[in-house]
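> Okay, handing you the structure first.
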Amino acid sequence: MNVELRHLRAFVTVATELHFNRAAAQLHMSQPTLSQTIRQLEDTLGFTLLGRTTRSVALTPDGQMFLAEARAVLERFDSAMRQADRVASGLVGQLRLGHLIGSAIDYIPAILRAFHETYPEVSLEVEEFDFRSPEAGLDTGATDVAILRPPVDLPSGSEVHVLRSEPRVACVSDLHPLAARTEVSVADLLDQPIVAAPGSGTWRDYWLLLDHRGENAPLVVYEAATFEAELQAVASDRGISIAPATAARFYARPGLAYPTITDASWCDVAVALPPRPLPAARHFAHLAVQITSVIPAV
């Protein structure tokens, strides 16, 4: 049967008003067009829905039966459209969050709590990525939004919103000559054997201080995918590493020292979005910026 929603809506409106002119006004159509629409529906169904005289409109018994079903169809359709609008608005659905290990440790719990409270019908899946994937899944489409540490190699058109900036520090063994110092310069570090992230790319180069080295390549003695592996290598005096200042708080342990690098640019923690973000991802990023703006760094 070639019955469309417009036929059902026209019939339900006439059946409710029992007046063609009032129904036509509600539907924003002319009375002749409405009458033609009802006749099309009746012809398709094969029975009469409405009894008409010059003075009145009444439902036939068949029309009374069909009215209940037509209303149910329209209610289900309207409910589906309302739900679809909530999904399209980012109020309902699923969201995949990636975060780079060690990024925003002091902020993530508050951000997640606020997101669950503000968007309770969005199911948030959280995945941690190690130093082999500093893009936290945004480069492959594995995640919809990410908390990471720029600079990273993201697709063109991605958005990066900085949440916090902090100094970089040198992580050294307590046996190292620099361990007794609270501050060091970049020049103090360039000749040191260094522990690096696996792979290649902008992020690895940044933490190797490559922009300060000119033609001199770093002496990479070990590659570590996690903070634990990195710190174990440093504590055993295999080499130094470069880390964010928060590492001195959250990864402090015997055998390590963290002098601040005074002349290196500060590093950032950011929330990043792909070129065409989901509405829920944009909600998450906006909320992350709000939360970090009012919570002081520990």
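The values are calculated or read from the model by the stated rules, or taken from the named source; none is laboratory data. Computed from a predicted structure; not experimentally measured. Positions of Cβ are backbone-derived with ideal geometry, glycine not excepted, and every protein chain shown enters the neighbour counts.
Yes or no, residue by residue, for (1) assigned to a helix (DSSP H, G or I); (2) surrounded by 16 or more Cβ atoms within 10 Å (Cβ to Cβ); (3) free of Cβ contacts under 8 Å to residues at least 24 places away in the same chain; (4) not β-branched (Val, Ile, Thr):
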site	(1), (2), (3), (4)
2	no, no, no, yes
7	yes, yes, no, yes
10	yes, yes, no, yes
16	yes, no, yes, no
24	yes, yes, yes, yes
34	yes, yes, no, yes
40	yes, yes, no, yes
44	yes, no, no, no
55	no, no, yes, yes
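> Further, regarding this structure: Return only the number of the condition from (1) surrounded by fewer than 14 Cβ atoms within 10 Å (Cβ to Cβ); (2) farther than 30 Å from residue 141 by Cβ that residue 290 does not satisfy.
With respect to (1) surrounded by fewer than 14 Cβ atoms within 10 Å (Cβ to Cβ); (2) farther than 30 Å from residue 141 by Cβ, residue 290 is out only on (2).
> Same structure, new question: Checking the conditions here, which among 98, 102 is under 12 Å from the mean Cα position of the chain (by Cα) and small (Gly, Ala, Ser)?
Working: 102 fails: under 12 Å from the mean Cα position of the chain (by Cα).
Among 98, 102, only 98 is under 12 Å from the mean Cα position of the chain (by Cα) and small (Gly, Ala, Ser).
> Looking at the stretch 7-26 only, could you name the residues that are among the basic types (Lys, Arg) and either outside the structural domain of residue 59 (by TED's automatic domain parsing) or out of contact with any helix residue (DSSP H, G or I) (no Cβ under 7 Å at 6 or more places or on another chain) (or both)? So that I can check it myself, show each step before the final result.
The initial filter retains those residues of the stretch 7-26 that are among the basic types (Lys, Arg), namely 9, 22.
Correct list: 22 only.
> Quick check: anything in the stretch 142-153 part of a loop (DSSP other than H, G, I, E, B), farther than 24 Å from residue 223 by Cβ and at pLDDT below 95? Break it down into steps so the answer makes sense when it comes.
Keep residues of the stretch 142-153 that are part of a loop (DSSP other than H, G, I, E, B), which gives 142-144, 149-153.
Now narrow it down to the ones that are farther than 24 Å from residue 223 by Cβ: 144.
Adding the requirement that they be at pLDDT below 95 leaves none.
So far as the stretch 142-153 goes, no, none of its residues is part of a loop (DSSP other than H, G, I, E, B), farther than 24 Å from residue 223 by Cβ and at pLDDT below 95.
> Does the stretch 261-283 contain at least one residue that is within 17 Å of residue 169 (Cα to Cα), part of a strand (DSSP E or B) and over 28 Å from the mean Cα position of the chain (by Cα)? Walk me through how you get there before you give the answer.
The first filter runs over the stretch 261-283 and keeps only residues within 17 Å of residue 169 (Cα to Cα), leaving 261-269.
Keeping just the survivors that are part of a strand (DSSP E or B) gives 261, 267-269.
Still in the running and over 28 Å from the mean Cα position of the chain (by Cα): 261.
There is at least one residue in the stretch 261-283 that is within 17 Å of residue 169 (Cα to Cα), part of a strand (DSSP E or B) and over 28 Å from the mean Cα position of the chain (by Cα).
> Also: In the list 96, 113, which residue meets the criterion of being farther than 17 Å from residue 268 by Cα, crowded, with 17+ Cβ neighbours inside 10 Å and charged (D, E, K, R)?
Working: 113 fails: crowded, with 17+ Cβ neighbours inside 10 Å.
Only one candidate passes the filter, namely 96.
> Given (1) small (Gly, Ala, Ser); (2) outside any helix (DSSP H, G or I); (3) at pLDDT below 95, where does residue 136 come up short, assuming only one miss?
Of everything listed in (1) small (Gly, Ala, Ser); (2) outside any helix (DSSP H, G or I); (3) at pLDDT below 95, residue 136 misses just condition (3).
> Among residues belonging to the stretch 57-78 that are among the small types (Gly, Ala, Ser) and surrounded by 13 or more Cβ atoms within 10 Å (Cβ to Cβ), point out the one that is farthest from residue 6 (Cα to Cα). Write out each step before concluding.
Let us first name the residues in the stretch 57-78 that are among the small types (Gly, Ala, Ser), namely 58, 63, 68, 70, 72.
Next cut, surrounded by 13 or more Cβ atoms within 10 Å (Cβ to Cβ) only: 63, 70.
Values: 63: 17, 70: 11 Å.
Once the filter is applied, the top-ranked residue is 63.
> Among the residues of the stretch 260-287, which ones are closer than 18 Å to residue 136 by Cα and either among the charged types (D, E, K, R) or surrounded by fewer than 19 Cβ atoms within 10 Å (Cβ to Cβ) (or both)?
Here is the first cut: in the stretch 260-287, the ones closer than 18 Å to residue 136 by Cα are 267-278, 280-282, 284-285.
268, 275, 276, 282 - these are the residues of the stretch 260-287 that are closer than 18 Å to residue 136 by Cα and either among the charged types (D, E, K, R) or surrounded by fewer than 19 Cβ atoms within 10 Å (Cβ to Cβ) (or both).
> Could you give every pair whose Cβ atoms fall below 7 Å, whose first residue belongs to the stretch 145-162 and is under 20 Å from residue 125 (Cβ atoms), and whose second residue is outside any loop (DSSP other than H, G, I, E, B) and of a type in the set (Phe, Trp, Tyr), counting only separations of at least 6 or pairs across chains?
Going by the 7 Å Cβ cut-off, the qualifying pairs are 145/284.
Here's the yes/no breakdown for (1) over 17 Å from residue 265 (Cβ atoms); (2) in contact with a Pro (Cβ under 7 Å, 6 or more places away or on another chain); (3) not assigned by TED's automatic domain parsing to the domain that holds residue 106:
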position	(1), (2), (3)
190	no, no, yes
195	yes, no, yes
200	yes, no, yes
209	no, no, yes
212	no, no, yes
221	yes, yes, yes
225	yes, yes, yes
236	yes, no, yes
243	no, no, yes
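> Quick one: residue 135 ticks every box in (1) of a type in the set (D, E, K, R); (2) surrounded by 14 or more Cβ atoms within 10 Å (Cβ to Cβ); (3) not assigned by TED's automatic domain parsing to the domain that holds residue 278 bar one, so which box is it?
Every listed condition holds for residue 135 apart from (3).
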